[in-house]
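Here is the structure we will look at, set down as structure tokens.
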Amino acid sequence: MPPAVRTASLATVTAALALAVGGGCPGPGPTRAGPEAAPVPPRASTLDAAPALAATVDAAPALAVTPDAAPARPALRPATYVSVGLEGVVRIEAGGVLRRVTGLPVWDLALGGDGRVYAASGKVVLAIDDDDVRDVALDPALTYPNAIATGPRAGGGVTLWVAAKDALGRLEVGPSGPGTWQVLDKAALGLGPGRLLDVVVAGAGAVYATDGKVVVRRGEGDAAFVPLPPLPRTPLVRGLVVDAAGRAAAATTAGLYLAGVDGWTAVDLGFVDIEGRVLRQFSIDAVSAGVGDAWLVSHRDQVVVQGGRGIRTRIELADRGVATSRVVSLGLDAGARGWLGTEAGLVVLDRSGTVVHRWPAGAEPLLTGELRAILVVGEGPDLAGASAPPAPVGDVRGRLRAGGAAVVGAELELCTDLRSTGTASTPCGFEPGAIRTRTDRAGAFVLSGVAPGTYHLMVKRQGEGWRELTDAACCQDQRPGQPLDLGVLRAP
């Protein structure tokens, strides 16, 4: 019999849920924070096409060995780590200063109990200790992993868990250095064919893993993984997250579910559709958490921020000038600021939804690329005095109408080239920096972070395919920092 499904109100589900990631099908997915890093969804297209690692891998030093008698290591200073996909990892420090930590491609990030940030790269795991970056070689069965998680280790140190395409790896890193990888294939995990996409460590050491269809669990002290009861409605699992109380949850294409000993509990998040109706079934783009009771979840162009005593704030990103229908990654710091990696760039919001700072797409060379994972250490960097990027970008606005009526809920996308990147799902395909948005109830739209240039402005109305708005000349007249109003556009 299918497990009983309960629904928890936001007033009763106040623990901090801790993405990654990570980023369902190829594309973005839930992310993690707190003791975990951002969950990473299946990335078949990216991983299969990943280039060979740079020669610097062979020259990277091995993970440092700390003598048992060494004093405790100081905690990492507050900062935000951003995986920019194939471009490496960037650290954001006080004042909004950006520094590249590594140029190796990184798929996921996790914060270890030993104070290091661990990054899953192609053939190594990088141990980041501020400016000291060392590597641990991956077992050949674990190359190009999708996700990484950290857990406790008896006697100090950290236990690393890495989810690769066909295997799950475990490595203990103690005071005397790393041990040997233990590798479990999918059959040993009780999983069928399909890419292993995520792993998290909950509570005192329970480990959860998923291939997108089944979630398996190994309790603390258990010898084997066992499958959890099937999820209601049999959705696809886009990633796994953990709350501050050590409970695991599954972010799915049908919503968010907390795992229990006797089934799953559906979390009522209060997303609404374009007509203002509350959604009971929805696909989660990303979820993240900080310390305490703050967490946030994204769905399309909305973000829900959950605080203490059941207080909830729903933020329409377009109302904050974050015009994108796709949130790639999320991070939440100890001050409840949300760090959103979107296709329009990196945006920092406070709990009320006010924009604290932003780096528009293409404005900062170090953040140019897919913002695949975000990990915030502590309260994150102090952004007081951070200057806005000087790049010449601005907003493009307009209104879409058809037959004299506003076109509601239409998708819009700016592309520079349709010939080589167009796909059935998006005209821009995998074009870097593609900018997307959606019309509101009045047919209005805002495309943010647009640099002057020539673009194809594409539209997709509900139930129809993509078409080009040929009457929209965009965007040679763009002025840095100023909105460009295209006026009323007629939908084809």
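Laboratory data are not the source of any read-out in this text; all were calculated from the coordinates shown. Please read all numbers here as calculations on a predicted model, not as lab measurements. Neighbour counts are summed over all protein chains in view; Cβ atoms, including those assigned to glycine, are modelled from backbone coordinates with ideal geometry.
Placing pseudo-labels 7 Å out from each Cα toward the beta carbon at residue 134 and residue 382 gives an inter-label distance of 3.1 nm. Close amide H partners of residue 206, meaning residues 5 or more places away or on another chain with modelled amide H under 5 Å apart, are 220. The listed peptides 150-159, 398-407, ordered by packing as a protection proxy, come out as 150-159, 398-407 (highest mean of other Cβ atoms within 10 Å first). Model label sites at residue 180 and residue 223, defined 7 Å from Cα along the beta-carbon direction, differ in position by 2.0 nm. For region 134-139, backbone phi angles converted through the Karplus equation (6.51, -1.76, 1.60; θ = phi - 60°) give residue-by-residue couplings of 10, 10, 10, 5, 7, 4 Hz, Gly and Pro being listed as x. Between residue 314 and residue 490, the simple label model (points 7 Å from Cα in the Cβ direction) yields a spacing of 3.5 nm. Amide hydrogen proximity for residue 406: with H placed 1.01 Å from N in the peptide plane, no residue at 5 or more positions away or on another chain lies under 5 Å. Just so you know, the Rg over Rh for region 117-227 is 0.95, from Cα atoms, with Rh as the Kirkwood radius.
Packing around the peptides 216-222, 261-267, taken as the average count of other Cβ atoms within 10 Å per residue, puts them in this order, highest first: 261-267, 216-222. Karplus-derived 3J(HN,Hα) values for region 144-152, using 6.51 cos²θ - 1.76 cosθ + 1.60 with θ = phi - 60°, are 6, x, 8, 8, 9, 9, 10, x, x Hz; glycine and proline are entered as x.
Each peptide among 190-203, 371-384 gets the average number of other Cβ atoms lying within 10 Å of its residues, and from highest to lowest they stand as 371-384, 190-203.
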